[in-house]
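Participant: To start, I am sharing the structure in question, which I have written as structure tokens.
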Amino acid sequence: KSTGNGTLTAFRSEMDAQYIDEQKLRVDLRQAIENRGLHVVYQPMYRPDGSGIECSEALVRWRHPERGMVGPNVFIPMAEDMGLVSHITHLVLDQACRDCATWPEPMAVSVNLSIQDLRNDDIVGYVADVLKRYSVDPSRLHLEVTESCFMDEPVAVSAILNQFRVTGVTIAIDDFGTGFSSLSYLDSLPLDVVKIDRAFIRNIVEDQRKLKLLRGIVHLSRELGLKIVVEGVETKEQLALVNRHRFSDLVQGYVFSMPVASEKIIELAAEGASAAKLSAVRRGAKS
Ligand code: C2E
Ligand code: MG
Ligand code: MG
Ligand code: MG
């Protein structure tokens, strides 16, 4: 209050500028969706011994003509707000299945769903169509949902996920451990895979409490028969630790690979992990 009128005006016009900027971005996003201005990259999930890739996650990208890359953490919430996110989901599903058909079998592709995709069961038919279109076996498609997807209508969403599972599609819960009442979801929802959020991996080497938390989640998930993917493994030390404790069935993170183009996935699959990373894995297993 004590700051003069001038400050307030400056603050206002800054807010206005930000608002206008966001409105412009929204217009551009709508156009990008209509004109195929988005593309998809893939981040591999490796077997923990680094010997190969079982699945790769499709991650949508937007290269803005003036601003450069805009991250999905910015434009996905925007698309959700505009009611357009299902168009993005369709586009990503289509590209992901088309690309997966070129990968060595039985390597799978994993696609992120938004809460809005699960508001009605049209998505089930869309997925069936797209699998048929590219002759991809349903066992090669994973769908990732977050805890927030269950907040609104847990029963309806469970029913949709069950329909997917009946057709042979795998369901993963993404960013696990960042939402609320996480543990009860593990048991009550039709899930196959738990992707443990990278917040649990950060500081894992230094922080004993994080390690204990992770151990608890892993133990519980295994007891419930779920497969575990640890996300966001960045360093060899983290990888060694994850392996020493046998925390993960699959590892996804910069330590193995950044998100890459589909063709690169085929190359990486042929290579396996580099020798340096493999030795870090072995060190972890020994000590
Ligand atoms: P997510 O589904 O949890 O995807 C993993 C994110 O972590 C990706 O960010 C990936 O690049 C990043 N990441 C992977 N390994 C590491 C690591 O070792 N360290 C760090 N710091 N980060 C790592 P990205 O591509 O920016 O995507 C962010 C989020 O945007 C995704 O989180 C997902 O929630 C959403 N998203 C991305 N693509 C799609 C999509 O096609 N549809 C929907 N609905 N959401 C998407
Ligand atoms: Mg994901
Ligand atoms: Mg995640
Ligand atoms: Mg996320």
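The values are calculated or read from the model by the stated rules, or taken from the named source; none is laboratory data. Worth saying up front: this structure is predicted, and the values here are computed from it rather than measured. Methodologically, a virtual Cβ is constructed for each residue, glycine included, from the backbone with ideal geometry; neighbour enumeration extends over all protein chains shown. SASA here: full protein model, heavy atoms, side chains in, ligands and nucleic acids out. Shrake-Rupley method; radii C 1.70, N 1.55, O 1.52, S 1.80 Å.
Participant: Just a yes or no: is a residue in the stretch 87-99 within 21 Å of residue 22 (Cβ to Cβ), in contact with a helix residue (DSSP H, G or I) (Cβ under 8 Å, 6 or more places away or on another chain) and within 16 Å of ligand 4 (Cβ to nearest atom)? Can you show your working first?
Facilitator: So in the stretch 87-99, the residues within 21 Å of residue 22 (Cβ to Cβ) come out as 87-88.
Still in the list and also in contact with a helix residue (DSSP H, G or I) (Cβ under 8 Å, 6 or more places away or on another chain): 87-88.
Retained after the next criterion (residues that are within 16 Å of ligand 4 (Cβ to nearest atom)): 88.
The answer is yes, given that some residue of the stretch 87-99 is within 21 Å of residue 22 (Cβ to Cβ), in contact with a helix residue (DSSP H, G or I) (Cβ under 8 Å, 6 or more places away or on another chain) and within 16 Å of ligand 4 (Cβ to nearest atom).
Participant: In this structure, is residue 199 touching a helix residue (DSSP H, G or I) at 6+ places or on another chain (Cβ under 9 Å) and within 13 Å of ligand 1 (Cβ to nearest atom)?
Facilitator: On the way: touching a helix residue (DSSP H, G or I) at 6+ places or on another chain (Cβ under 9 Å): yes; within 13 Å of ligand 1 (Cβ to nearest atom): yes.
Yes; evaluated as a whole, the condition is true for this residue.
Participant: Which residue out of 218, 242, 230 is of a type in the set (A, V, I, L, M, F, W, C) and within 15 Å of ligand 3 (Cβ to nearest atom)?
Facilitator: Numbers: 218 fails: within 15 Å of ligand 3 (Cβ to nearest atom); 242 fails: within 15 Å of ligand 3 (Cβ to nearest atom).
On inspection, the qualifying residue turns out to be 230.
Participant: If you go through the stretch 203-224, how many residues are in contact with a Lys or Arg (Cβ under 9 Å, 6 or more places away or on another chain) and either touching a residue at least 60 places away in the same chain (Cβ under 8 Å) or open to solvent by 30 Å² or more (accessible area, probe 1.4 Å) (or both)? Please lay out each step first, then the result.
Facilitator: So the first thing to find is which residues in the stretch 203-224 are in contact with a Lys or Arg (Cβ under 9 Å, 6 or more places away or on another chain), and the list is 203-204, 210, 218, 221.
Okay, now just the ones that are also either touching a residue at least 60 places away in the same chain (Cβ under 8 Å) or open to solvent by 30 Å² or more (accessible area, probe 1.4 Å) (or both), so 203, 210.
Looking only at that region, the number is 2.
Participant: Right, another one. So which residues in the stretch 46-65 are under 18 Å from the mean Cα position of the chain (by Cα), in a strand (DSSP E or B) and of a type in the set (Lys, Arg), if there are any at all?
Facilitator: 61 - this is the single residue of the stretch 46-65 that is under 18 Å from the mean Cα position of the chain (by Cα), in a strand (DSSP E or B) and of a type in the set (Lys, Arg).
Participant: Give the residues of the stretch 26-46 that are farther than 17 Å from residue 261 by Cα and either surrounded by fewer than 17 Cβ atoms within 10 Å (Cβ to Cβ) or without any contact (Cβ under 8 Å) to a residue 12 or more places away in the chain (or both), sorted by residue number.
Facilitator: From the stretch 26-46, those farther than 17 Å from residue 261 by Cα are 26-35; that's our starting set.
Selection gives 26, 27, 30, 31, 34, 35.
Participant: Let me ask another. Taking residue 59, is it modelled with pLDDT of 95 or more and either away from ligand 1 (no atom under 13 Å from the Cβ) or open to solvent by less than 20 Å² (accessible area, probe 1.4 Å) (or both)? Break it down into steps so the answer makes sense when it comes.
Facilitator: Values: modelled with pLDDT of 95 or more: yes; either away from ligand 1 (no atom under 13 Å from the Cβ) or open to solvent by less than 20 Å² (accessible area, probe 1.4 Å) (or both): no.
When the stated conditions are applied, residue 59 does not pass them.
Participant: Moving on. What are the residue pairs meeting all of these: first residue in the stretch 252-268, first residue within 15 Å of residue 60 (Cβ to Cβ), second residue modelled with pLDDT under 95 and open to solvent by less than 50 Å² (accessible area, probe 1.4 Å), Cβ atoms under 9 Å, and 6 or more apart or on different chains?
Facilitator: Close Cβ pairs satisfying both conditions: 260/268.
Participant: Of all residues being of a type outside the set (A, V, I, L, M) and within 16 Å of ligand 2 (Cβ to nearest atom) in the stretch 165-181, which is modelled with the lowest pLDDT? Just the residue, please.
Facilitator: Step one: filter the stretch 165-181 for residues of a type outside the set (A, V, I, L, M), giving 165, 167-168, 170, 174-181.
Those left that are additionally within 16 Å of ligand 2 (Cβ to nearest atom): 170, 174-179.
Working: 170: 98, 174: 94, 175: 91, 176: 91, 177: 84, 178: 81, 179: 70.
Among them, the one singled out is 179.
Participant: Which one is farthest from residue 24 (Cα to Cα), of the residues in the stretch 62-82 that are open to solvent by less than 50 Å² (accessible area, probe 1.4 Å) and away from ligand 1 (no atom under 13 Å from the Cβ)?
Facilitator: Within the stretch 62-82, the subset open to solvent by less than 50 Å² (accessible area, probe 1.4 Å) is 62, 64, 68, 70-72, 75-76, 78-79, 82.
Those left that are additionally away from ligand 1 (no atom under 13 Å from the Cβ): 64, 68, 82.
Numbers: 64: 12, 68: 15, 82: 13 Å.
Among residues in the stretch 62-82 that are open to solvent by less than 50 Å² (accessible area, probe 1.4 Å) and away from ligand 1 (no atom under 13 Å from the Cβ), the one farthest from residue 24 (Cα to Cα) is 68.
Participant: Among the residues of the stretch 225-269, how many are part of a loop (DSSP other than H, G, I, E, B), within 14 Å of ligand 1 (Cβ to nearest atom) and surrounded by 16 or more Cβ atoms within 10 Å (Cβ to Cβ)? Outline the logic, then answer.
Facilitator: Here is the first cut: in the stretch 225-269, the ones part of a loop (DSSP other than H, G, I, E, B) are 225-226, 232-235, 245-249, 253-259, 261.
So of that shortlist, the ones also within 14 Å of ligand 1 (Cβ to nearest atom) come out as 232-235, 248, 253-259, 261.
Filter again for surrounded by 16 or more Cβ atoms within 10 Å (Cβ to Cβ), leaving 232-233, 248, 253, 255-257, 259.
So the answer is 8.
Participant: Residue under question is residue 78, and the condition is that it be within 20 Å of the chain's Cα centre (by Cα), in a helix (DSSP H, G or I) and away from ligand 3 (no atom under 16 Å from the Cβ); does it hold?
Facilitator: Considered against the rule, which asks whether it is within 20 Å of the chain's Cα centre (by Cα), in a helix (DSSP H, G or I) and away from ligand 3 (no atom under 16 Å from the Cβ), residue 78 comes out as yes.
Participant: State the number of residues belonging to the stretch 185-202 that are within 14 Å of ligand 2 (Cβ to nearest atom), open to solvent by 20 Å² or more (accessible area, probe 1.4 Å) and under 16 Å from residue 171 (Cβ atoms).
Facilitator: Final tally of qualifying residues: 0.
Participant: Would you pick out the residues in the stretch 183-215 that are within 16 Å of ligand 3 (Cβ to nearest atom), under 23 Å from residue 138 (Cα atoms) and among the aliphatic types (A, V, I, L, M)?
Facilitator: 186, 191, 193, 194 - these are the residues of the stretch 183-215 that are within 16 Å of ligand 3 (Cβ to nearest atom), under 23 Å from residue 138 (Cα atoms) and among the aliphatic types (A, V, I, L, M).
Participant: Okay, moving on. If only one of 124, 130, 136 is surrounded by fewer than 21 Cβ atoms within 10 Å (Cβ to Cβ), more than 23 Å from residue 175 (Cα to Cα) and modelled with pLDDT of 95 or more, which one is it? Before you say what the answer is, go through the steps one by one.
Facilitator: Working: 124 fails: more than 23 Å from residue 175 (Cα to Cα); 136 fails: surrounded by fewer than 21 Cβ atoms within 10 Å (Cβ to Cβ).
Answer to the check: 130.
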